[in-house]
Amino acid sequence: MKTADFDFDLPEDRIALRPVEPRDSARLLVVQDGELQDRVIRDLPGFLRPGDALVFNDTRVIPARLSGVRERPDPALAGEVLTVEVEATLHHRDAPDVWSAFMKPGKRIKAGDRIRFETLEATVADKGEDGLITLRFDIAGPALDDAIRAVGVMPLPPYIAAKRPEDDRDLTDYQTVYAQHDGSVAAPTAGLHFTPELLEAIRAKGVTTHAVTLHVGAGTFLPVKADDTADHKMHSEWGEVSPATAAALNAVHANGGRIVCVGTTSLRLLESATTVEGEVQAFHGDTAIFITPGYRFRAVDVLMTNFHLPKSTLFMLVSAFAGLETMRAAYAHAIRDRYRFYSYGDGSLLFRAG
């Protein structure tokens with residue numbers, strides 16, 4: 001399909017710069033059988049049935065944006081070092097001492113350069129054609145984790161960071177209440193709407209809750225530059241579905257319940273872990289699944305998600321899930337009714353087409 005098929009006009013003032021308080025008071029656009037309902041997040045239990053399963057991504061966002069200096073010997077001046085200010089957004093952990101990252105200004109970086117992020121230092125081990133730069137740090141494992149926490153800042157999405165700096169509020173606002181495992185550089189934003197009270201109400205309805213882990217990479221913010229979706233390459237992200245969770249979700253389907261994913265990240269992971277016959281299997285590794293209209297969903301019946309960027313892989317995914325024309329109409333309605341878009345915005349509840 002053409003990338004232009006997923007374009008739409010979004011006024012700048014629809015982009016949310018802060019979440020609403022409390023979290024579950026955000027608006028919820030319910031999209032079911034081609035019909036739209038304007039609700040709020042705390043109405044979610046009313047759309048669930050006893051025996052359904054709600055699946056969350058329990059990843060935790062790390063302070064993955066690092067500011068530093070590139071250092072390179074000047075061949076014309078013996079003993080002199082050329083320095084350039086740089087910024088790195090960590091993307092994927094490749095080894096105990098290695099991260100791939102997107103860096104600015106990327107054109108000024110080459111293999112062998114030394115990068116100093118305050119007290120944390122690294123060597124550029126490789127520079128890929130896909131824009132990813134491989135950083136090999138001087139320390140590894142938990143010591144590297146601690147150093148990143150000390151010098152890094154919360155990596156707000158570019159459409160928020162361009163309008164305001166991060167602050168202490170983002171340390172909690174940009175983290176789900178159920179986050180467990182460090183590793184993401186972007187929040188699974190549909191989960192930002194949940195409160196302990198909402199989770200209690202969902203479980204009281206007879207709905208079980210389950211956790212999977214997908215460490216969201218910085219590639220989630222990259223635009224689709226190819227004119228044809230078939231030419232777009234997804235960056236891989238690491239995820240895990242435990243054997244116990246896989247068995248529990250298979251039992252839900254066997255008993256007539258529905259699998260309801262909170263966020264596109266949990267959906268992408270479950271679809272990666274599910275066979276063509278519809279059996280969810282244990283999963284541990286990378287996925288680069290790219291879902292566009294025409295994809296046959298194997299595991300997920302209902303999706304709760306925020307509103308996404310024009311021409312983004314995530315808008316392509318929701319169009320595959322609920323139907324392109326349906327989602328065009330839903331987004332047009334959301335824009336007219338002043339729903340708040342993107343990471344700190346409102347949510348939608350989508351029932352799978354067909």
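Readers should treat all values here as calculations from the given coordinates under stated rules, not as data from a laboratory. What you see is a predicted model, and the numbers here were worked out from it, not measured in a lab. Ideal geometry is used to build each Cβ from the backbone, glycine not excepted, and the neighbour counts take in all protein chains shown.
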*Grab the beta carbon distance between Asp43 and Val81, set R0 = 51 Å, and tell me the FRET efficiency rounded to 0.05.*
0.30
*Which value, in debye to the nearest 20, describes the size of the charge dipole of the stretch 257-354 about its Cα centre when Lys and Arg Cβ atoms bear +1, Asp and Glu Cβ atoms bear -1, and nothing else is charged?*
340 debye
*Assuming R0 = 35 Å, what is the FRET efficiency of Asp74 and Ala226, from their Cβ-Cβ distance, to the nearest 0.05?*
0.35
*Low-density loop cleavage sites - GluC sites (Glu not before Pro) in the stretch 35-139, where at most 15 other Cβ are within 10 Å (DSSP)*: Glu80, Glu118, Glu129
*How many angstrom separate the Cα center of the stretch 248-318 from the Cα center of the stretch 8-87?*
19 Å
_For Val207, what residues show an amide H to amide H distance below 5 Å, using hydrogens built from the backbone and excluding near sequence neighbours?_
Gly51
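How much net charge surrounds Thr265 when only other residues with a Cβ under 14 Å from its Cβ are counted (Lys, Arg +1; Asp, Glu -1)?
Details: positive: Arg60, Arg268; negative: Asp58, Glu237, Glu240, Glu271, Asp286.
That sum, taken over residues with Cβ under 14 Å, equals -3.
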*asked:* Using the crude model of +1 on Lys and Arg Cβ and -1 on Asp and Glu Cβ, and no other charge, please compute the dipole size for the stretch 61-173 relative to its Cα centre, in debye to 20.
replied: 340 debye
*Check each of the GluC sites (Glu not before Pro) in the stretch 235-324 and keep only those in coil by DSSP with at most 12 other C-beta atoms within 10 angstrom; list them in order.*
Glu277
*Total Lys pairs in the chain closer than 18 Å by alpha-carbon, pairs eight or more apart in sequence or interchain only?*
10
*Let me have the relative contact order for the stretch 1-155, percent, based on Cα pairs under 8 Å that are six or more residues apart.*
18 percent
*At 0.36 nm per residue, minus the direct Cα-Cα distance, what do Ala251 and Arg164 gain on full extension? Give it in nm, one decimal, please.*
26.7 nm
*the chain: calculated mean residue ellipticity at 222 nm from DSSP helix runs of at least 4, using -39500 (n - 2.57)*: -6000 deg cm²/dmol
_Taking 8 Å as the Cα distance limit and 6 or more residues as the minimum spacing, I'd like the relative contact order of the stretch 218-301 as a percentage._
37 percent
*asked:* How charged is the neighbourhood of Asp97? Take every other residue with its Cβ under 13 Å from the Cβ of Asp97, and add Lys/Arg as +1 and Asp/Glu as -1.
replied: -2
_the chain: relative contact order in percent, alpha carbon pairs under 8 Å with at least 6 residues between_ = 24 percent
_Give me the dipole magnitude in Debye, nearest 20, for the chain about the Cα centre, with unit charges on the beta carbon: positive for Lys and Arg, negative for Asp and Glu._
460 debye
*Between beta-carbons, use under 12 Å as the cut-off and find the net charge around Pro73, counting Lys and Arg +1, Asp and Glu -1.*
-1
